[in-house]
1. Restricting to the range 273-309, and then to whatever is within 14 Å of LEU247 (Cα to Cα) and in contact with a Pro (Cβ under 8 Å, 6 or more places away or on another chain), can you tell me which residue is surrounded by the fewest Cβ atoms within 10 Å (Cβ to Cβ)?
2. Could you look through the range 41-69, keep only residues that are of a type in the set (A, V, I, L, M) and either in contact (Cβ under 8 Å) with a residue 40 or more places away in the chain or not assigned by TED's automatic domain parsing to the domain that holds TRP133 (or both), and pick out the one that is nearest to THR375 (Cα to Cα)?
3. For the range 59-94, which residues satisfy the criterion of being touching a helix residue (DSSP H, G or I) at 6+ places or on another chain (Cβ under 7 Å) and in a loop (DSSP other than H, G, I, E, B)?
4. Quick one: in the range 94-139, which of the residues that are under 13 Å from LYS152 (Cα atoms) and surrounded by 23 or more Cβ atoms within 10 Å (Cβ to Cβ) is nearest to the chain's Cα centre (by Cα)?
5. Can you say whether GLU102 is within 29 Å of ALA383 (Cα to Cα), at pLDDT 95 or above, of a type in the set (Asp, Glu) and in the same structural domain as LYS152 (by TED's automatic domain parsing), as far as the supplied structure shows?
6. Here are ALA50, ALA5, ALA10: which of them is among the small types (Gly, Ala, Ser), under 21 Å from THR283 (Cβ atoms) and either in contact with an Asp or Glu (Cβ under 7 Å, 6 or more places away or on another chain) or surrounded by fewer than 20 Cβ atoms within 10 Å (Cβ to Cβ) (or both)?
7. Determine which member of the set ARG238, ARG173 is within 17 Å of the chain's Cα centre (by Cα) and under 27 Å from LEU136 (Cβ atoms).
8. Given the range 261-369, what helices (runs of 4 or more DSSP H) lie entirely inside it while holding 3 or more residues that are without any contact (Cβ under 8 Å) to a residue 40 or more places away in the chain?
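The values are calculated or read from the model by the stated rules, or taken from the named source; none is laboratory data. What you are looking at is a predicted structure, and each value in this text was computed from that prediction instead of being measured. Don't worry about glycine lacking a Cβ; one is built from the backbone with ideal geometry, like all the others, and counts go over all protein chains shown.
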Amino acid sequence: MTVTAAQTPAQKQVFLDFPRELYKDDPNWVGPLDMELKALFNPKKNPHFAEGEAQWWIALDARGRCVGRLATFIYYPKARRYVVPTGGMGFFECVEDYTVAEALLSQGQAWLEARGMEAADACINFGENDRFWGVLIEGFDTPPSYGMPYNKPYYAEFLTRYGFELYFRQESRELDLRQIPERIIRIAQRAAQKEGVTFAYPDMRNLRKYALDFMTIYNDAWQFHEHFVPLSEERVMRLVENLKPILIEEMIYFAYVDNEPAGLILAIPDLNQIFRPWRGRPTLWQLIQFLWRKRNKYAWYRQRKILTRARVMLMGVRPKYQKRGLESALAYLPVPPVIEMGITHAELSWVGDFNPAMLAILEATQARRSRVHATFRYYFTEAARQRAHAAERAIIMRPS
């Protein structure tokens, strides 16, 4: 068996095709679209390449058949924020043979070490953490929602065997939008009546304004999370442009206090309900049909009850506006119009175990836990591991 960099068009197609063979008998697998992965690893389309680099790898057996794949990447501004410089591994797929996994992970480690990295996170995305982030460890019985990873149950064991440690857990919940708890509804209604509080859907004709409001909220609300990297105007505009083709205005809701952006909830239609039969590689005719049928906010799919779910990607309130009921207002006020469109369920995904405040909100919704992912970290040397853990202890012991 050999591990080879996927550099030629033929090798890159092997990288893209391998999961279709691996999951051919798994009815729950919904693969990322080839065009999405190509765009993600295209320097002209992914701004992370401006200060980063990436490489695809494929593992081939003695007969030349693909038995595994891996992507390695570094976004240097984020990697260097850690006490121990940390790169990324993602899009890992492997037959149930640890020797294949070990060969791939060893190659990934060598590539990262050669570029000054001393640790790796897996399995993550070469981009924002809203997509393709984490290893599924619970919830293999249903198809994933759009952008959420799905993998073989043995992947976590292979990573752990190699030396990866659990870094954090990511919880997702399934919510029946028709059963929002009365307590949340009451709090939401009171919050909406407070002086100076207003709410708005984004105006698609003026997306830049709402993109900047999004940036203001995100950079303030998430700033206290470990190794937070603030969004720049360029990154947020690229994110909005990438999401624009799939957005439904009724699934995005902003809260304002005295005309200042205070909070938001961002959901997208669960396109995996549409994409599932495509197996990651739609035909030209399927794409033409999709573009026609997605008009009028996916009316063709909604009317036929093909599209009935959304995925809540993000919800947050800036610290100075918290404890005013805005969280409940964002969770409930946009729901009735969405239900009228035929969207009756939503997956709230995902919330990390480092965010107890948001986990409490998940509990308040009484939503059913649907799946759990995990992000793993591997320190290449014991010295790096000890240095990282010493820094963590210093943060814990620091006077507040």
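1. So the residue we want is ARG309.
2. Here the residue is ALA54.
3. Hits for the range 59-94 are VAL83, VAL84, PRO85.
4. Only one residue fits best here, namely GLY134.
5. It is true that GLU102 is within 29 Å of ALA383 (Cα to Cα), at pLDDT 95 or above, of a type in the set (Asp, Glu) and in the same structural domain as LYS152 (by TED's automatic domain parsing).
6. Result: ALA10 is the single residue among ALA50, ALA5, ALA10 that is among the small types (Gly, Ala, Ser), under 21 Å from THR283 (Cβ atoms) and either in contact with an Asp or Glu (Cβ under 7 Å, 6 or more places away or on another chain) or surrounded by fewer than 20 Cβ atoms within 10 Å (Cβ to Cβ) (or both).
7. One residue alone meets the criteria, ARG173.
8. Those helices (runs of 4 or more DSSP H) span 284-293, 295-303, 356-365.
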